[in-house]
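The values are calculated or read from the model by the stated rules, or taken from the named source; none is laboratory data. Everything quoted here is computed from the prediction, not taken from an experiment. Reconstructed Cβ throughout: ideal geometry from the backbone, glycine too, with neighbour counts over all protein chains shown. The accessibility values were calculated without ligands, DNA or RNA, using every heavy atom of the protein model including side chains. Shrake-Rupley method; radii C 1.70, N 1.55, O 1.52, S 1.80 Å.
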Amino acid sequence: MTAPEGGPLLRVEELHAAYGPVAALRGLDLTVGQGELVCLIGANGAGKTSTLRAISGLLPAARGRILFDGRPIHAAEPAEILEAGIAHCPEGRRVFPYLTVQENLEMGAYVRRDRHAVAEDLERVCTHFPILAERRRQMAGTLSGGEQQMLAIARALMARPRLILFDEPSLGLAPTLVETTFEIIADIRRRGTTVLMVEQNAYGALRMADRGYVMETGRIVLAGPARALLDDDHVRRAYLGG
Amino acid sequence: MEQLLQHLVNGLVLGGTYALLGIGLTLIFGLMNVVNFAHGEFYTLGAYAAFAALALGGVDFVVAVLAAIGAGALLGALCERVLLRPLRAESIDTTMLVMIGVWIAMQNGELLVWGGVAKSIPHPFPTAPLVLGPVSIAPLRVFVLVLAAGLIAASYLLIHRTKLGRAMRATFQDRDTAALMGVRISRIHTATFAFGSALAAAAGALLGPVFLAYPSMGDLAALKAFCVVILGGLGNLPGATLGGLLLGIAEELGAGYVSSGYRDAVGFVIIILVLLLRPSGLFAREERIG
Ligand SMILES: Nc1ncnc2c1ncn2[C@@H]1O[C@H](COP(=O)(O)OP(=O)(O)O)[C@@H](O)[C@H]1O
Ligand SMILES: [Mg+2]
């Protein structure tokens, strides 16, 4: 296993979390280095979404630690974690359907106080995603699935995060849009934002990632450079269909 | 025809304050999932706050209404922080019982402080009605209507044009995702309850001088607020506004053309019809808060 480039930006240690009596995470360990693109793959119900929800403070940690930039965040509120620099682009896009596209983007910048820079970022995002500029005054619920995914990504960027968590960004998108979405995420990383991505499209995700983790029933069972995982027999059989 | 116009005008005056009551209740209900049985007590609180400010403080009427709004917001915020916040994870039944307790406690508190005798709230307006063609209307009622309209407009601005309002709508639509955007959901709850209670208090301060202030005045007001919410649909601001106006007008027409004794019954007949025929409200849309 290669060491992460730079120091670890995110470190999850022995993390346990549950929904009432249902254990979702059972001693999870992972790290994400500064500037890396790391992907987390695993079957349905393995605990990938729960991992991201625990990192961003929506799912309380029962045991274990989460360190961001060396500081513990496992007891912090979602707002504090976002302020620390972690944005979360949730599974199923979850745009606010009855807010306009612009209001959704403004929600992304909710914790920011620098109003001028927010206004600039709004323009920049609209230039970057022209489809959003066109639909600025439209309710987000009227957008197509692909447009909603662009909006969800753009909304996460509006927080100016240092780390973005993506949960199944390609889910339910047409193949050409899957490609576009992956390109956007690769581009975000090229611009210096660290990415932790959960994907069911394991092949697409591993091809673009630096490193990968394989998750089963609430813990990591395999980790390594993405290229090595693509060639791994177990991964090929279980997640790559052959 | 002339009578009809007169009834419509009177109905609008009542309806404007019903709309305030309804908007407050529908926001609390829609966003917090709390059935606020104490809503009428904030109405009573507003009437007594206006009484205190006008009769004892000798201030301007507008200042008295503002004082009532402040008192409603403050007590509403306190109520949410102390009683509702610890019960966030509990079922709607639990909070409903707690709010019934608040209702009883507040009403008895009012009885203790102000006594059971109805108080007439002094107001600075001349009693001679303004006559506009076929319609005559007391200056106080004009003032009530104008101020109610202003407060309704202010509520819309707050919900649709401010950052807090945007966060309230986002929270209503998708609580978890709003939290991911950094919205502190507990604060939204406190703000919503304070805001809803302030609107109820404003309605009490406006209607108090039209009628009288007495400790149980909030009971009927709360029932009417529930009517408005049912008419308008849960969490639906335009619905509550239209529902309030409709209820006020229907009451006036019922009182005028059927019998004044049936005034309060009219609203409930409408509610029963709505619940039977259109249980999601007259103006059901998918969107609610906003
Ligand atoms: N809201 C919930 N309530 C109860 N159990 C849940 C909830 N969400 C997820 N789980 C359970 O937690 C485990 C992990 O789920 P999840 O993190 O969503 O997995 P993945 O994203 O890998 O599909 C599963 O067993 C799932 O049934
Ligand atoms: Mg998932």
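Against the definition (surrounded by fewer than 24 Cβ atoms within 10 Å (Cβ to Cβ) and near ligand 1 (Cβ under 9 Å from one of its atoms)), how does A:L59 come out, yes or no? Against the criterion (surrounded by fewer than 24 Cβ atoms within 10 Å (Cβ to Cβ) and near ligand 1 (Cβ under 9 Å from one of its atoms)), A:L59 qualifies. Among the residues of segment A:142-156, are any within 13 Å of chain B (Cβ to nearest Cβ) and assigned to a loop (DSSP other than H, G, I, E, B)? Looking through segment A:142-156, none of the residues is within 13 Å of chain B (Cβ to nearest Cβ) and assigned to a loop (DSSP other than H, G, I, E, B).
Taken together, the criteria place A:A75 among residues that are more than 11 Å from chain B (Cβ to nearest Cβ) and either surrounded by fewer than 23 Cβ atoms within 10 Å (Cβ to Cβ) or under 17 Å from the mean Cα position of the chain (by Cα) (or both). Select from segment A:84-99 the residues that are more than 11 Å from A:R162 (Cβ to Cβ) and either within 7 Å of chain B (Cβ to nearest Cβ) or away from ligand 2 (no atom under 16 Å from the Cβ) (or both) and write down the one among them that is most open to solvent (accessible area, probe 1.4 Å). Applying the filter and picking the extreme gives A:R94. Looking only at segment A:160-175, residues that are in contact (Cβ under 8 Å) with a residue 40 or more places away in the chain, surrounded by fewer than 20 Cβ atoms within 10 Å (Cβ to Cβ) and away from ligand 2 (no atom under 15 Å from the Cβ) come to 2 in all. For segment A:37-72, the tally of residues that are away from ligand 2 (no atom under 13 Å from the Cβ) and in a strand (DSSP E or B) stands at 11.
Which residue is nearest to ligand 1 (Cβ to nearest atom), if the candidates are limited to segment A:178-201 and must be of a type in the set (A, V, I, L, M) and closer than 21 Å to A:G146 by Cβ? Give the derivation first.
Residues of segment A:178-201 of a type in the set (A, V, I, L, M): A:178, A:184-186, A:188, A:195-198.
Right, trim to closer than 21 Å to A:G146 by Cβ and you get A:178, A:184-186, A:188, A:195, A:197-198.
Working: A:V178: 18, A:I184: 21, A:I185: 18, A:A186: 22, A:I188: 21, A:V195: 17, A:M197: 12, A:V198: 7 Å.
Per the stated criteria, the residue is A:V198.
Could you grab the pairs with beta carbons closer than 8 Å, sequence gap of 6+ or different chains, first residue in segment A:27-51 and within 14 Å of chain B (Cβ to nearest Cβ) and over 11 Å from A:T217 (Cβ atoms), second one within 16 Å of ligand 1 (Cβ to nearest atom) and β-branched (V, I, T)? If the second residue must be within 16 Å of ligand 1 (Cβ to nearest atom) and β-branched (V, I, T), the pairs left are A:T49/A:V198.
Considering only residues in segment A:24-40 that are more than 9 Å from ligand 1 (Cβ to nearest atom) and farther than 19 Å from A:A87 by Cβ, the one that is most open to solvent (accessible area, probe 1.4 Å) turns out to be A:R26. The residues listed here are A:A205, A:A228; of these, the one that is more than 23 Å from A:L82 (Cβ to Cβ) and either within 14 Å of chain B (Cβ to nearest Cβ) or within 16 Å of ligand 1 (Cβ to nearest atom) (or both) is A:A205.
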